[in-house]
Amino acid sequence: MVQRPPSARYRSLDGHLCRLAQLPPALIGIPDLAPESVIGPRGALDPGTSLEAMYVCAPVYLPDEFSACEEPDEPIVIAWLIPLFKEEAAFARTHGWEALERLLVENDPDLTDWHRPPLPVH
């Protein structure tokens, strides 16, 4: 699940996400799309933004029941893909997902704004 403004200037993002969804997890660079994983950076997610990576997490703004769909064979996990700047992705890999989530809570960025300023990582 990715939130983005409904604007024509973000149309190429849909294609990027479709290509990402079709890749086997091993080719994305992580063993599976587990929560607290970082995908990328792989260059700009869209020509109009400097965001280059995605952080996989539980959809925290929705009820807990939304995080998985129980199926007979195995559950389907619903994940939120939060777009990150290259520096934020590096911060998450170096300091861990807990540190990244603390920064998100402390700074409360608009995660639907693909022109938001980067988080103050250090």
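Which ones in region 77-96 are surrounded by fewer than 17 Cβ atoms within 10 Å (Cβ to Cβ) and modelled with pLDDT under 90?
Val77, Ile78
Check whether at least one residue in region 112-121 is among the acidic types (Asp, Glu), under 13 Å from Glu36 (Cα atoms) and touching a residue at least 40 places away in the same chain (Cβ under 8 Å), and report yes or no.
no
Take the residues in region 97-122 that are surrounded by 15 or more Cβ atoms within 10 Å (Cβ to Cβ) and of a type in the set (D, E, K, R), then tell me which one is nearest to Ser50 (Cα to Cα).
Arg116
Looking at Glu36, Glu74, Glu70, Glu65 in this structure, which one is touching a helix residue (DSSP H, G or I) at 6+ places or on another chain (Cβ under 6 Å), among the acidic types (Asp, Glu) and at pLDDT below 90?
Residue meeting the stated conditions: Glu36.
The values are calculated or read from the model by the stated rules, or taken from the named source; none is laboratory data. Everything numeric in this text was worked out from a predicted model, so none of it was measured. Counting neighbours? That spans all protein chains shown, and the Cβs are built from the backbone with ideal geometry, glycine included.
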